[in-house]
1. Can you tell me which of L526, L504 is at pLDDT below 90 and over 20 Å from S418 (Cα atoms)?
2. Is there any pair linking a residue in segment 391-412 that is in the same structural domain as R494 (by TED's automatic domain parsing) to one that is part of a strand (DSSP E or B) and among the charged types (D, E, K, R), with Cβ under 6 Å and at least six apart or on different chains, and which?
3. I'm trying to understand the selection: among the residues of segment 173-183, which are part of a strand (DSSP E or B) and either touching a His at 6+ places or on another chain (Cβ under 8 Å) or crowded, with 18+ Cβ neighbours inside 10 Å (or both)?
4. Report, ordered by the first and then the second residue, all pairs with beta carbons closer than 6 Å, sequence separation of six or more or different chains, a first member in segment 77-94 that is not assigned by TED's automatic domain parsing to the domain that holds V304, and a second member that is among the basic types (K, R).
5. When segment 251-308 is examined, which residues are found to be basic (K, R) and modelled with pLDDT under 90?
6. Which of the residues that make up segment 209-231 are among the basic types (K, R) and open to solvent by less than 60 Å² (accessible area, probe 1.4 Å)?
7. Among the residues of segment 438-488, write down those that are free of Cβ contacts under 8 Å to residues at least 24 places away in the same chain and more than 27 Å from D314 (Cβ to Cβ).
Amino acid sequence: MINTPASTSRITDEAARRRTFAIISHPDAGKTTMTEKMLLFGNALVEAGAVESKRGRGTASDWMDMEKRRGISVSSTVLRFEHEDKVINLLDTPGHSDFSEDTLRVMSAVDGAVILIDAAKGIESQTLRLFEVARSRGIPLITFINKCDRPGIDPLELLDHIESTLDLMPTAMSWPVGDPGDLLGVVDRRSGSFHRFNRNPGGRSSRGGVIATLDDSFDPEVPAWVRAREELALLDDAGHEFDFDMVESGLSTPVFFGSALTNFGVELLLNAVIELSPPPSARVDLEGVERALDSDFSGLVFKVQANMDPRHRDRNAFIRICSGRFERGMKVTNARTEKPIALNYSSEAFGRQRETLDEGFPGDIVGIVGATDLQVGDTVFQGEPLLYPPLPTLAPEHFIQIRNADARRHKQFSRALSQLAEEGVIHVLTQDGGRDPMPILGAVGQLQFEVAIERMSTEFGVEVLSDQTRWKLARRTDEESAEVITRGGLADVRTRTDGMVFALFANQFQVERLERDKPELRLDRLVG
Ligand code: G4P
């Protein structure tokens with residue numbers, strides 16, 4: 001479709017209405033609950049329970065049996081709803097740090113993220129990694145301290161904790177009033193209004209009542225109020241003022257307090273996402289050229305997921321629209337293959353349920369069903385060709401060597417491996433990049449192996465035997481360095497399915513020694 005002046009202004013207007021963000025949290029911090037409550041505001045669901053929680057009830061975004069058994073979310077999905085006059089695209093991320101790479105890919109598709117922290121636990125070590133991954137993308141982060149309805153860490157201590165752990169300047173936007181386990185409400189620091197906490201188990205309709213201003217609500221007879229006032233004065237004195245530029249540049253994080261379960265503070269957070277999380281902006285391609293939002297259609301495949309529904313063995317590709325207008329059935333070019341592809345069966349994904357999406361704008365996520373030609377990291381476009389930079393991946397830290405238990409099923413074995421590699425489930429490392437009957441699988445976390453092996457069995461009927469290897473870490477290298485490394489027997493050199501070359505080491509000491517002895521070699525930690 002050729003964009004006319006009228007349609008280009010519509011594209012910019014629609015893009016400005018989009019807020020595309022992800023929620024990142026440690027498992028059990030309340031991500032599922034928060035998602036449910038947010039959807040209530042968007043009237044996306046009749047009642048929040050429709051996005052069912054884990055632990056036996058099954059989750060809309062959890063599709064593998066393994067996920068259900070373990071109560072973890074391996075995959076991520078997209079939820080889309082409207083709030084006020086904005087269109088919200090909420091991307092789920094796996095809570096477990098073993099799937100940090102998936103989080104990293106999601107971060108390439110969003111314009112902001114909400115960090116959810118359990119008030120009683122603070123930032124947990126496993127979650128730190130996910131936060132670092134989010135930060136590495138330089139997107140604005142909003143922090144929500146959840147579970148404030150029950151005893152937790154002192155709020156001032158939590159702010160210190162965020163500052164020291166995340167190396168991010170926290171700015172309290174709301175402030176809790178009350179003793180541990182007896183929350184009276186929160187003060188909205190900017191408006192000076194007080195939102196009274198209304199314990200409403202299940203919290204399907206409670207939005208947290210606003211009671212006039214901070215001054216009107218202040219009760220000198222209540223010690224918690226006196227303390228809250230002192231704390232607020234302290235925050236003012238410490239210069240914890242909100243600075244939009246610092247948030248946008250990833251130096252500061254606005255902090256909100258509330259309780260997802262009782263639906264308290266959720267609307268304040270949602271409003272903050274609308275206000276503080278930026279709308280989509282023009283992306284830069286590999287050549288450093290900006291693709292204007294209102295130019296021809298372009299999109300980035302940030303996720304590929306096959307066999308989500310065992311009844312339909314299909315392959316879904318999730319595309320973040322970067323520019324232009326998406327229309328169902330449109331013909332685009334895949335920049336990697338230079339081949340045309342029709343985006344026919346588009347959907348907005350809702351966990352397992354899908355609704356057809358006929359039209360989309362920058363910031364929207366489109367799920368293309370049956371997208372066998374699309375791989376993670378692909379750029380699709382109309383009009384002026386372009387290629388977006390490759391998606392970053394993390395260097396694997398765990399390695400196993402696998403082989404097919406039944407040599408007759410070698411075709412299925414290779415097909416399974418290339419499918420899982422194209423989805424980014426696992427790194428498949430082979431000698432010389434060729435067909436290797438005993439490839440090494442590389443992962444950022446052990447659970448990735450479990451997912452890969454289970455999927456090879458259930459989806460491809462391939463049983464594999466696996467052995468531990470002595471490799472403990474990998475560095476990305478290039479052909480030239482690889483030759484030196486192989487010649488000197490300095491590490492094991494392997495090629496990933498996408499052609500990227502890795503050197504595998506048994507310990508950190510080996511890497512450091514090589515870096516010291518041969519500084520000219522390329523040995524990168526973060527890949528891409
Ligand atoms: P996750 O997706 O991040 O893993 O967390 P999820 O929402 O499943 O929440 C984990 C547990 O924390 C759940 O309890 C949930 O009810 C509880 N929770 C979430 N938000 C709050 C909150 O604001 N306050 C309190 N007190 N609890 C909260 P569960 O007993 O493990 O499961 P369930 O039986 O309630 O589903």
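1. L526
2. Pairs found: Q401/D467.
3. S174, W175, P176, V177, G178, L183
4. K86/R17; K86/R19; V87/R17; V87/R18; I88/R19; N89/R80
5. Answer for segment 251-308, where residues must be basic (K, R) and modelled with pLDDT under 90: just K303.
6. Across segment 209-231, there are no qualifying residues.
7. The answer is E479, A482, E483, T486, R487, G488.
Per-residue answers, yes or no, for (1) within 16 Å of the ligand (Cβ to nearest atom); (2) in the same structural domain as A272 (by TED's automatic domain parsing); (3) open to solvent by 20 Å² or more (accessible area, probe 1.4 Å); (4) charged (D, E, K, R):
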| position | (1), (2), (3), (4) |
| --- | --- |
| L128 | yes, yes, yes, no |
| F131 | yes, yes, no, no |
| D154 | no, yes, yes, yes |
| T171 | no, yes, no, no |
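The values are calculated or read from the model by the stated rules, or taken from the named source; none is laboratory data. These numbers come from a predicted model, not from an experiment. For neighbour counting, all protein chains shown are included, and Cβ atoms are generated from backbone atoms with ideal geometry for every residue, glycine included. Please note that ligands, DNA and RNA were not included when accessible areas were found on the heavy atoms of the full protein model with its side chains. Shrake-Rupley method; radii C 1.70, N 1.55, O 1.52, S 1.80 Å.
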